[in-house]
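Undergrad: Can you keep this structure in mind? I'll have questions shortly.
Values quoted throughout were computed directly from the atomic coordinates according to the rules given, and no laboratory measurement underlies them. Keep in mind that what you see is a predicted model, and the values were worked out from it rather than measured. Cβ placement follows ideal geometry from the backbone for every residue including glycine, while neighbour counts extend to all protein chains displayed.
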Amino acid sequence: MKPKSVVALTLTAAALLAGPVAAEDITTLDGQKYENVRDVALKPNGLFFVTEADGALKGVTVPYSKLPDEAKEKYHCDPYAFGFALARQNQIIILSTNMAFSLATLEAAKVRAKAEHKPLGFIMVWDNMFGHRSRPMGWGSNEELAHFYEVFHDNLVLVFVHHESELGKVPDAVKTGFFGPDEGGFAPNMAVVTSDCAQFICEIPLGGGKDSTGATREPVFRQKIEVIKKFLKEHPQP
């Protein structure tokens, strides 16, 4: 387990990302309509607002993946910003293999990805990356994995793939990334595919290679996130 709170954003980041916004109506991608919403705020797990239902006010949090593009633009939703803000705090995290899905539980990962309208992120790992006190902005394979995890675990459904024994067992769309020109030759790296594993979206290499640090990884992450956003805009996840 993490020795820190998932909501441990800095005051500066919270002020920039979670300020209240006036609102009207919101209709989600699955057809749920919320009328006369108010007190809208960005949260790590989705857009929060207060709405009236059955004559009473209640708070609702809608995952960003269920919001149409116009709502995301209106309320300046960028869920990845929370991941970057959290990683930049550079707090200690101890990763374990049960913090993501595995190839053995891939069907369950696909079910969650479909339910949450998210892509799957297959992270190539080595066994020795787990169980260490790691800081996401640091240098070294366990620190690098911590950075991948903090930035992406709320926005993708993650699957750990162990280099020692599992590379040949991944779906073909994942192989396009793992064995493609963008892989870069260093782990961790991540292949992003659609929720059904049918389409390859992009490969995210380890920025900086053997000299990777948080400063070299972040611009690579940001560049690839734009690729993911563009793909999802053109191919919304079912």
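Undergrad: Which whole-angstrom value gives the distance between the alpha carbon centres of region 36-79 and region 118-137?
TA: The two parts, judged by their Cα centres, are 30 Å apart.
Undergrad: With a cut-off of 8 Å between alpha carbons and a minimum separation of six or more residues, what is the relative contact order of the chain in percent?
TA: Averaging sequence separation for qualifying contacts and normalising by length gives 16 percent for the chain.
Undergrad: For semi-axes √(5λ) of the Cα gyration tensor in Å, the listed values are (i) 31, 21, 15; (ii) 36, 18, 16; (iii) 29, 23, 16; which was obtained by calculation from the structure presented?
TA: Of the labelled values, this structure produces (i).
Undergrad: Ranked by Cβ crowding within 10 angstrom, fewest neighbours first, how are V62, V159, V220, V227 ordered?
TA: Neighbour counts put them in this order, fewest first: V227, V220, V62, V159.
Undergrad: Exposure proxy check: L42, L156, L232 ranked by fewest other beta carbons within 10 Å?
TA: With the fewest neighbours first, L42, L156, L232 line up as L232, L42, L156.
Undergrad: For K169, go through the lysines and keep the ones whose alpha-carbon is under 17 Å away, minus same-chain ones fewer than eight residues off.
TA: The reachable lysines, counting only those whose Cα sits under 17 Å from K169, are K110.
Undergrad: Using Cα positions and a limit of under 22 Å, work out the lysines in reach of K58, with same-chain residues fewer than 8 apart set aside.
TA: K33, K43, K66, K72, K74
Undergrad: Sorted from fewest to most neighbouring beta carbons within 10 Å, what does the list F221, F148 look like?
TA: Arranged by neighbour count, lowest to highest, F221, F148 become F221, F148.
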